[in-house]
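The following block contains the structure, expressed as C-alpha cells.
The values are calculated or read from the model by the stated rules, or taken from the named source; none is laboratory data. As the structure is a prediction and not an experimental result, all values here were calculated from the model. Please note: Cβ atoms are built from the backbone with ideal geometry, for glycine as well, and neighbour counts cover all protein chains shown. Note: accessible area is taken over every heavy atom of the protein model, side chains too, but ligands, DNA and RNA are not part of it. Shrake-Rupley method; radii C 1.70, N 1.55, O 1.52, S 1.80 Å.
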Amino acid sequence: MDYQPVVVQRHARPAAAKHSPESRYWRQFKHPVFIKEYAPVTSIQFSPSKPHRYAVTAATRVQIYAPRTQKVTKTISRFKDVARSGNIRPDGKLVVAGDDTGLVQVFDINSRAILRTLDSHKQPVHVTKFSALAPTQVLSCSDDTTVKLWDVPSQIEVVTFHAHTDYVRSGEVSTSNPHLILTGSYDATMRLFDTRTSQCEMIMGGDTSNAVPVEQVKMFPSGTMALSTAGPILRLWDLVAGGRCLRAFSNHQKTITSLAFDGSAGRLLTGSLDHMVKVYDVGSYKVVHTMRYPAPVLCLAISPDETHIAAGMSDGTLSVRRRQPKASEGADQPFAVALKSGAFETFLGGTLPAIGQGRTKSKIKPKPTGDVDELRIESRRTKRLKEYDRLLKGFKYSAALDSVLRKNVPPTTTFSLIQELIHRDGLRSALAGRDDVLLEPVLRLLVKHVTDPRFGEMVCDVSSLVIEMYTPVLGQSPLIDSLFMRLRKKVLAEIRFQKELVKTKGALEMIFASATLTAA
C-alpha cells in the first residue's frame, strides 16, 4: 500500500491584542493600595489645592489622607450619627460634613475644631459641598426633600428650595455660575435652581411610568450640559436647550453610584455596584477603559493632577491607584522639583569644582547621575499666628478679648474678634468674671465707637450684654459707674442727632419734590 504523507498545517498563534494609547494611559494607574475601613466608604473628595489631600467619609468619621503616603493625617469624629459627604474647601483649610441626625458642621482641617454648626434639616443630610466660586457658602441636600444654601460666617440660610418630593441624595453648585444649583432626587427628577429667583428654573426627568431614583448628577465645568444616573443608565442633558435629553446609554449591569471628571473634563469616570469603573471619552461617549474592583463601588474620585484614583466600596475597602507622572508633567509643580543629581551640591543649584581645578566658568553641564525619583522639597517658613489667633485656637476667649483691647490694636481687628466670639457663642464667657480693672477697657471701647457707623450695631449688642451681666454690681466702682454714664449720654446724643437727621431728610425731600414739580 502506498501511504500518502499527511500535511499538518501549523496555524500561527494569534497576536496579542494591542492596547490603545488611551488604555495604556489608564493602565499606568496601578499598584492599588487597599485600606480597610470598618464601614462602607460613602464619599471621597480630593482638595482642589495642592498637595491635593483627600477626605474619606465612612461610618461616624471623616479622615484626611496624604496622597503621597496614603496615610491618615487627620481624623474628624465629632458626629453623633453616621457622617456623610466630607468636603474640603477649595483653599484646603476647612471641611464640611453632614450626618444622619440632620446636622451640618464646618471644621478647621488642621485643629479639627467645630467652627460652625448649621442645624435646620430634620432628616439625614447626604450632600454637603462648598461652592467653588463663593467659598463662604455651603450647599446641603437632605432626606427631608429640601435643598439649602448657607452663608457660613453668619450661619444663615441664604435660600431654601422645597421643589423635590422625595429624598435628595445628590447635588452641586455650578463651577461657572455660583447662583445655579443642580440636584437629583429619588422623585426621579433632576432640577436646576437659581438662588437669585429662589425658584426651580428647570426640571429634567420625572417620567412617572418608569420612575427610577436619580442617584448622581454632575454638571460640566462650562455649565452648558449635565449628566445624571438612574439605575444603570447614564443620561446627558443640554441645559442651554431647556433641559433636553441628548442621549441615554448604559454600559453597566447595575446602578451607577458615582461620577467623576478628569482634570480637563475630557474623560468621564463612572463607578457602579457591578464592581466596575468605566472611563468614557466625553467627545463620543465610548468606553475607552474598564477597571475591575473586588466589591460594589459606592464612590469615586480622581485627583486634580490626575495622579490618583480613589474608590470606596460597600465592604469598607478604600482602593487608591497611583500613576507616576512623567518628569515633564511635574516640572511646573512649585512644591517639589525633580532633581538631576543625587549629590548634595545639586541642592546648591550647581556642581562644586573638583580639587585643584579652581572656580572656572564653564558652559558644559555634567551629565545627570542621580535618581529621577528624588525630590527637592521647597522650604517654607511657617507663618506665626497673632497672639489673639493663638488664644482663640486654644479656646481662651477672655484672654483673646483682652489682647485686642490694647491701644495699639486697630478697631477693625478688635470688632472682628468680637464678631468671631459671637459666632462661637463665646462672647458671654469672654466678658464674664471681670473686675473693674478688666471691665474698664471694654467700656472705653464701647464709649469710643458707639457712634461709629461701622461698628454701631455691634456696640449696641455688646453693650446690652454688658449691662445685663453687670447691672447687679453697679455702684461699687466710681470709675465703672462714670463710664456707664458716659455711654448713656453718648447714646442719647446720638439718638437726638439721628432725629435731627430724619427731620432734615424729610425737609430736603419736600424741597426736591417741589423743585421737580416746578421744573415740570
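Please go through region 473-505 and pick out each residue that is exposed (fewer than 10 other Cβ atoms within 10 Å of the Cβ) and over 24 Å from residue 460 (Cβ atoms).
The one that is exposed (fewer than 10 other Cβ atoms within 10 Å of the Cβ) and over 24 Å from residue 460 (Cβ atoms): 478.
When the residues of region 175-194 are narrowed to those that are part of a strand (DSSP E or B) and among the charged types (D, E, K, R), which ends up farthest from residue 159 (Cα to Cα)?
191
Applying the selection to region 461-503, what residues are farther than 22 Å from residue 430 by Cβ and not in a helix (DSSP H, G or I)?
475
Select the strands (runs of 3 or more DSSP E) contained entirely in region 195-237, then report the ones holding at least 3 residues which are surrounded by 22 or more Cβ atoms within 10 Å (Cβ to Cβ).
The qualifying strands (runs of 3 or more DSSP E) are 214-219, 225-230.
Looking at region 404-460, which of its residues are in a loop (DSSP other than H, G, I, E, B) and surrounded by 14 or more Cβ atoms within 10 Å (Cβ to Cβ)?
404, 405, 409, 424, 426, 434, 450, 451, 455
Starting from residues that are free of Cβ contacts under 8 Å to residues at least 40 places away in the same chain and small (Gly, Ala, Ser), keep the ones in region 283-328 and report whichever is least open to solvent (accessible area, probe 1.4 Å).
For region 283-328, the residue satisfying everything is 295.
If you don't mind, another one. Taking only pairs six or more apart or across chains, which ones have beta-carbon atoms under 6 Å, a first residue in region 262-276 that is under 13 Å from residue 26 (Cβ atoms), and a second residue that is acidic (Asp, Glu)?
Short answer, once both residue conditions are applied: 262/306.
Taking the condition modelled with pLDDT of 90 or more and outside any strand (DSSP E or B), does residue 86 pass?
On the way: modelled with pLDDT of 90 or more: yes; outside any strand (DSSP E or B): no.
No; evaluated as a whole, the condition is false for this residue.
Does any residue in region 208-225 that is among the acidic types (Asp, Glu) come within less than 9 Å, Cβ to Cβ, of a residue that is surrounded by fewer than 18 Cβ atoms within 10 Å (Cβ to Cβ) and at pLDDT below 90 six or more places away or on a different chain, and which pairs are these?
Listed by first residue and then by second, the contacts come to nothing, as the list is empty.
Go through (1) surrounded by fewer than 17 Cβ atoms within 10 Å (Cβ to Cβ); (2) outside any loop (DSSP other than H, G, I, E, B); (3) at pLDDT 80 or above one by one and return the number of the condition residue 345 breaks.
Only one criterion is unmet by residue 345, namely (3).
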